[in-house]
Amino acid sequence: MAIAVINGFEMYFEDRGAGEPLLLLHGGMGIGDDWRHIFPHDPDGYRVIVPDLRGHGRSTAPDEAFTIRRCAGDVLSLMDHLDIRRAKAIGLSLGAKTLLHVSTMQPDRVDAMVLVSATPYFPKPLRDAAAQFTRASFEQLPEAERHALRARHVRGDGQILRLYDMTRSFATSDGDMAFTAATLGAITARTLIVHGEHDPYYPTEMAIELAQGIRGSSLWIVAAGPHGPVFGTMAEPFASRALAHLGPL
């Protein structure tokens, strides 16, 4: 467990094992420890780097508006801090969108990646859902749910309310997630796209759009899968397929 002071905030991360660097990037409102539900034990042969993204979990938040592009800058800064030139990566939702930015900003830094529940831009279903994350809606949560959030995001209700603000900002955000075929064409990482057939926020057409834009990518539509279709009974098959993709050709 460690803290890196980067880009005006304290980023908590775990750095475990030895071998090729493997970044695991959690979803929005999540924490790095969520990956334990998919990888109860760290994959063999990897140096696993698991951060809490800015404002999440045990990380602080800088005094600036949240953007996913800035999250990508944080990941690149963490790689520099750890003297990691090139890595493999798995990202879930927010983490996957962060990897889209990383792999287009500095394509040579990502060797291979798995994108779970990613999107090239925010469609209306996501914007409608994001608009519901008001500060009042947090106060109206049952006490058990607020307690669970406090156990994950340990820096107090102010931190959680900023995460609500982050999520609500996606309802009106335009320039942050605006990937086109041209920008996706800059990606050189070997890419597996994983998407739930019944994702309520991102229709499968968006995963197809990503696959068409990222040269040589593979697409796995999880039958009847929700947003983030890699937990529960899907954890083991996902872990197996993801690691096979990331492994040697």
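The values are calculated or read from the model by the stated rules, or taken from the named source; none is laboratory data. Note that this is a predicted model, so its numbers are computed, not measured. Every residue, glycine as well, gets a Cβ built from its backbone with ideal geometry; the counts of neighbours run over all protein chains shown. Keep in mind that these areas ignore ligands, DNA and RNA; they rest on the heavy atoms of the full protein, side chains included. Shrake-Rupley method; radii C 1.70, N 1.55, O 1.52, S 1.80 Å.
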Exercise for the section: Please name all residue pairs, on different chains or six or more residues apart, with Cβ atoms under 6 Å, provided the first residue is in the stretch 10-28 and is assigned to a loop (DSSP other than H, G, I, E, B) and the second residue is open to solvent by 40 Å² or more (accessible area, probe 1.4 Å). Expected result: Gly17/Asp42; Gly17/Arg47; Ala18/Arg47; Gly19/Gly45; Gly19/Arg47
Exercise for the section: Sort out which residues of the stretch 75-90 are more than 21 Å from Pro203 (Cα to Cα) and surrounded by 24 or more Cβ atoms within 10 Å (Cβ to Cβ), and write them in order of number. Expected result: Val75, Ala89
Fill in the blank from the handout: Those residues of the stretch 91-116 which are of a type outside the set (Gly, Ala, Ser), over 17 Å from Val50 (Cα atoms) and buried (at least 23 other Cβ atoms within 10 Å of the Cβ) amount to Leu100
Handout entry: Residues that are surrounded by fewer than 19 Cβ atoms within 10 Å (Cβ to Cβ) and either closer than 24 Å to Ser173 by Cβ or among the basic types (Lys, Arg) (or both), drawn from the stretch 35-59
Key = Arg36, Arg47
Problem - Test result for Ile193, of a type in the set (Val, Ile, Thr), within 30 Å of Gly19 (Cα to Cα) and touching a strand residue (DSSP E or B) at 6+ places or on another chain (Cβ under 6 Å) - result: yes
Handout entry: Extreme residue, least open to solvent (accessible area, probe 1.4 Å), among residues of the stretch 170-200 that are closer than 23 Å to Ala65 by Cα and among the hydroxyl-bearing types (Ser, Thr, Tyr)
Key = Ser173
Practice task
Return a yes/no flag: does the stretch 137-148 have any residue that is open to solvent by less than 40 Å² (accessible area, probe 1.4 Å) and either small (Gly, Ala, Ser) or under 16 Å from the mean Cα position of the chain (by Cα) (or both).
Solution key: yes
